[in-house]
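Before any comments, here is the structure.
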Amino acid sequence: MRKHTLMLLMAIILLQTEHTQAQSPKREVRAAWIASVENIDWPSKKDLTPEVQRKEFITLIDRLKEVGINAVVVQIRPCADALYDSKLEPWSRYLTGKQGVAPAPFYDPLLFMIDECHKRGIEFHAWFNPYRALKDTSYTDIDSLHVIKKHPDWIVTYGNQQYFNPGLPQTREFVVKVIQDVVKRYDVDGIHFDDYFYPYKIKGKDFDDSLTFAAYPRGFAASQREDWRRDNVNIIIKMLSDSIRAAKPYVKFGISPFGIWRNVGKDPRGSQTNGGSNYDDLYADILLWMQNRWIDYVVPQLYWHIGLNVADYKTLAEWWSKNSNGTPLYIGQGYYRVDPKSKTPQWADGKEIARQIEVNRTIPAIEGSFYFSAKTFLDNPMNVNQQLKEKYYKYPALVPQIKHLDTIPPVSPKHLKVKERRHLTTLTWSSGDTSKNEMDRSRYYVVYRFKDKVDYENPANIYTITPDSTVAIAKGKKQARKRYKYAVTSLDRLYNESKPVRAKSSH
């Protein structure tokens, strides 16, 4: 009887452990987009003082950190302008209220944001819009440094917006130059594009690039103008991929495309959907980029609910998992749609984000979520933050590795010491780094605390992920009587993890 009871108890413990790991994977991207265009997320207004801007950003990322977010994607170039100190493009009007006007008193928002994120163990991906030059042609106070003033021949007006002409070699070279400038001067973790390549189509209007096609056909026939447009985008994606890896091979290059690559009605490789598509409408052939390993991760924007006839979330999540070709796959989720007043029941009940995470975690290829957009975490509609924090993001998570970039782990920490007091445990260690190669050096440390079994794969045992080399752990009355085991590992820029260094607490 005792033997059977013991076996049953062990089975229950095993099932509980597996359930915990399924609910909170040890490695998972949990990211939020921070949009600056039209002051969607940050800064909240165009004319805030630098002090208020900084306070707003800290409030925002502190909330994200509290929920469990471990990466942000910040829009630093919304319309051929800059939320950073640039000699190539003017200061953004979304930052200071007027294009070309620097913050006063001066500070560099990008330096500030990167520093604050890294202090909190949050990855920083710099989000660029490659082709949009002006979001609203009614805005006429254009700075002399802006491309519209310097190179009006590069610009195509479409609807009430203005865009770089993707068919011109000089526009591709300029965009690559702008992004290279950021990669070289700032400590970004990633470069990010969303779904805006060629603009979304306006019925009855053609994007006027006929003269460009005639001047730079590159062997495409007149009947192949759409193929030529796709090739224009392919060229710049390949140029960016090569230039980023040449400058800093640990900086990730990611794309967040519209959720449908192509519908099966037009292509047998497409998804069982019936909507617009990257391939036919935006001239973005995401499958080709993944097949050629030109991008390091992909985040399809699946802002639709589970069960939507024309674009079902689950159908698309499964389609992208089968067609990502080994490219790390995360899913863009529409947190902004959660609304008790929504006419769509799935968004009105406050549980759709949770249902989507459940779907994601049943598909092994999906390694996390990106949420649009960050300010929704401040609003916290229907207490979704609590759902994330208390169930799905209960434990910290390491960002997944990008294995095609690097899998070599850093050197383990050295000299781990644990000092016990009744209500405080202090861990200190030193870096084991000796390499001058930035890819090999420690970026963060994972502090493990084990009550019983030493298990490095169970995220419940991760106490914190920190850039510091000391951690103070406060203990309550119950914890003061417990005896814990501790270990620390190093993480490099691409989240490869070293072998652990172990220590045992003493009283």
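The values are calculated or read from the model by the stated rules, or taken from the named source; none is laboratory data. This one's a predicted model, so the numbers in the text were calculated from it and none came from an experiment. Reconstructed Cβ throughout: ideal geometry from the backbone, glycine too, with neighbour counts over all protein chains shown.
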request  = With a cut-off of at least 1 residues that are closer than 22 Å to Tyr495 by Cα, name the helices (runs of 4 or more DSSP H) lying wholly within segment 332-403.
outcome  = 352-360
request  = Could you give me the residue pairs with C-beta distances under 6 Å whose first residue belongs to segment 423-440 and is outside any strand (DSSP E or B), whose second residue is of a type in the set (Gly, Ala, Ser) wherever it lies, and which are 6+ apart or on separate chains?
outcome  = His423/Ala480; Ser431/Ser442; Gly432/Ser412; Asp433/Ser442
inquiry  = Step by step: first the residues of segment 246-270, then only those that are hydrophobic (A, V, I, L, M, F, W, C) and within 21 Å of Ile408 (Cα to Cα), then the one that is surrounded by the fewest Cβ atoms within 10 Å (Cβ to Cβ). Which residue is that?
reply    = Ala246
query = Of all residues in segment 227-242, how many are over 16 Å from Ile255 (Cα atoms) and either small (Gly, Ala, Ser) or without any contact (Cβ under 8 Å) to a residue 40 or more places away in the chain (or both)?
reply = 2
query = modelled with pLDDT of 95 or more and more than 21 Å from Asp108 (Cβ to Cβ), is that true of Gln180?
reply = no
query = What are the residues in segment 406-424 that are at pLDDT below 95 and either surrounded by 14 or more Cβ atoms within 10 Å (Cβ to Cβ) or on the phi > 0 side of the Ramachandran plot (or both), if any?
reply = Glu420
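Residues checked against (1) of a type outside the set (Asp, Glu); (2) more than 16 Å from Arg245 (Cα to Cα); (3) crowded, with 16+ Cβ neighbours inside 10 Å:
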{"site": "Phe174", "(1), (2), (3)": "yes, yes, yes"}
{"site": "Lys177", "(1), (2), (3)": "yes, no, no"}
{"site": "Val183", "(1), (2), (3)": "yes, no, yes"}
{"site": "Phe197", "(1), (2), (3)": "yes, yes, yes"}
{"site": "Gly204", "(1), (2), (3)": "yes, yes, no"}
{"site": "Phe207", "(1), (2), (3)": "yes, yes, yes"}
{"site": "Ser210", "(1), (2), (3)": "yes, yes, no"}
query = All but one of (1) surrounded by fewer than 21 Cβ atoms within 10 Å (Cβ to Cβ); (2) closer than 28 Å to Ser321 by Cα; (3) touching a helix residue (DSSP H, G or I) at 6+ places or on another chain (Cβ under 7 Å); (4) in the same structural domain as Leu64 (by TED's automatic domain parsing) hold for Thr362; which doesn't?
reply = (3)
task = Please report, ordered by residue number, the helices (runs of 4 or more DSSP H) entirely within segment 27-140 with at least 1 residues that are over 27 Å from Trp154 (Cβ atoms).
result = 50-67, 109-119
key: Subset of segment 379-389 (residues that are more than 14 Å from Asp339 (Cα to Cα) and either touching a residue at least 12 places away in the same chain (Cβ under 8 Å) or outside the structural domain of Ser342 (by TED's automatic domain parsing) (or both))   = Gln387, Leu388, Lys389
message = Out of Val488, Val471, I need the residue that is in contact (Cβ under 8 Å) with a residue 40 or more places away in the chain and over 30 Å from Pro249 (Cβ atoms). Which one?
response = Val471
task = Kindly establish whether Ala104 is among the small types (Gly, Ala, Ser) and crowded, with 23+ Cβ neighbours inside 10 Å.
result = no
query = For Ser412, which of the numbered conditions (1) in contact with a helix residue (DSSP H, G or I) (Cβ under 8 Å, 6 or more places away or on another chain); (2) in a loop (DSSP other than H, G, I, E, B); (3) over 15 Å from Leu494 (Cβ atoms) fails to hold?
reply = (1)
task = Might you let me know whether segment 219-227 holds any residue that is surrounded by fewer than 11 Cβ atoms within 10 Å (Cβ to Cβ) and polar (S, T, N, Q)?
result = yes
request  = For residues that are farther than 17 Å from Ile353 by Cβ and either modelled with pLDDT under 95 or aliphatic (A, V, I, L, M) (or both), scanning just segment 378-405, find the one that is nearest to the chain's Cα centre (by Cα).
outcome  = Val399
message = Here is a check on your reading of the model: is Ile142 under 21 Å from Tyr84 (Cα atoms), β-branched (Val, Ile, Thr) and touching an Asp or Glu at 6+ places or on another chain (Cβ under 6 Å)?
response = no
request  = Determine, yes or no, whether Trp320 is touching a residue at least 12 places away in the same chain (Cβ under 8 Å), in a helix (DSSP H, G or I) and under 18 Å from Phe258 (Cα atoms).
outcome  = yes
ask   = Can you name the residue in segment 441-458 that is within 21 Å of Thr470 (Cα to Cα) and within 25 Å of the chain's Cα centre (by Cα) and is also surrounded by the fewest Cβ atoms within 10 Å (Cβ to Cβ) among such residues?
value = Arg441
